[in-house]
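A short worksheet on the structure shown next.
The values are calculated or read from the model by the stated rules, or taken from the named source; none is laboratory data. Because the structure is predicted, anything quoted here is derived from the model rather than measured. Neighbour counts are summed over all protein chains in view; Cβ atoms, including those assigned to glycine, are modelled from backbone coordinates with ideal geometry.
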Amino acid sequence: MRPIVFKKPPIAEVGISIQFPNNLEVADERRKFHHLIEGEFPVVVIPEQSKCPNDFGDYALHTRNLTDRLEIGMNYFRLVTNNYPGFDRFRILFLNALSIFNRVYRLQSFNNFFYYYNNVLRIETQTRFDELFTLKMQMPEGLGSELLAGQGTLLFQEPDGYLSVEFKPEWRDLRIANYGFMLRFGSLKHVALTEEKDELSALVDVAHASLERYFFSLLQPNYIQFLETQ
């Protein structure tokens, strides 16, 4: 498949996260990490306690324009953006920030990896489900002659984890205005995170390749051409 780069991608938010065994240093010595990354993520946000059932030292570091943020807790590290710069730059930003984090707190491994893309597909005119998506659903004879819309989640098993696809139509004035199209890749396997053994970079690449393949395979070619013209 030829590389496709959208001038205005339909991405609303992208995130990568890992979860590791509880580490008290992450909660107790937050300044050590922020001191090293403050130039790029100067804005500190502490979540409201009402939104945190347990105080695990959760906090977020934002860039000056608030488009990128690192969400951190005693057992997780997450990079989130709502201004996606493309996979190569996003990958570098995540791995570099995690490398600094790992150098400070000496993580040895993690056991939960999660990578997601939340897309919003704009609909210009009333569009049936099969005009937008390639997914086919077989209905009993006499039912569902024309499927107008669909909402739900599908889960697929991949060699290195699981991939889910969620469809969520957004209605306005009795017609579909947008489609939420969320793709998520997760892996629960134990992954080493040391200078001698780096398995994370390969997992990031595998996850992105799977998410990209499902994105382009599930959208109709005509809608992909529409996105290219935006």
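Got a number for residues in the range 175-191 being under 19 Å from L121 (Cα atoms) and surrounded by fewer than 15 Cβ atoms within 10 Å (Cβ to Cβ)?
Residues meeting the conditions: 2.
Considering every residue within the range 43-55, establish whether at least one is in a loop (DSSP other than H, G, I, E, B) and modelled with pLDDT of 90 or more.
no
Among the listed residues I92, I123, I100, identify the single one that is free of Cβ contacts under 8 Å to residues at least 24 places away in the same chain and either touching a His at 6+ places or on another chain (Cβ under 6 Å) or not acidic (D, E) (or both).
I92
Does the range 153-174 include one or more residues that are in contact with a Lys or Arg (Cβ under 6 Å, 6 or more places away or on another chain) and either surrounded by 13 or more Cβ atoms within 10 Å (Cβ to Cβ) or farther than 30 Å from L107 by Cβ (or both)?
Yes, the range 153-174 contains at least one residue that is in contact with a Lys or Arg (Cβ under 6 Å, 6 or more places away or on another chain) and either surrounded by 13 or more Cβ atoms within 10 Å (Cβ to Cβ) or farther than 30 Å from L107 by Cβ (or both).
Checking V204 against (1) closer than 18 Å to N111 by Cα; (2) without any contact (Cβ under 8 Å) to a residue 12 or more places away in the chain, only one condition comes out false. Which one?
The number of the failed condition is (2).
Search the range 178-203 for residues being among the aliphatic types (A, V, I, L, M) and within 21 Å of the chain's Cα centre (by Cα), and hand back the single one that is modelled with the lowest pLDDT.
L193
Looking at Y179, Y162, which is the one that is within 30 Å of E195 (Cβ to Cβ), touching a residue at least 24 places away in the same chain (Cβ under 8 Å), of a type in the set (F, W, Y) and not in a loop (DSSP other than H, G, I, E, B)?
After ruling out the rest, the residue left standing is Y162.
When the range 192-208 is examined, which residues are found to be closer than 17 Å to D88 by Cα and surrounded by 13 or more Cβ atoms within 10 Å (Cβ to Cβ)?
Residues satisfying the conditions are L200, L203, V204, V206, A207, H208.
Can you name the number of the only condition in (1) over 24 Å from P21 (Cα atoms); (2) among the acidic types (D, E); (3) over 19 Å from the mean Cα position of the chain (by Cα) that E212 fails?
The number of the failed condition is (3).
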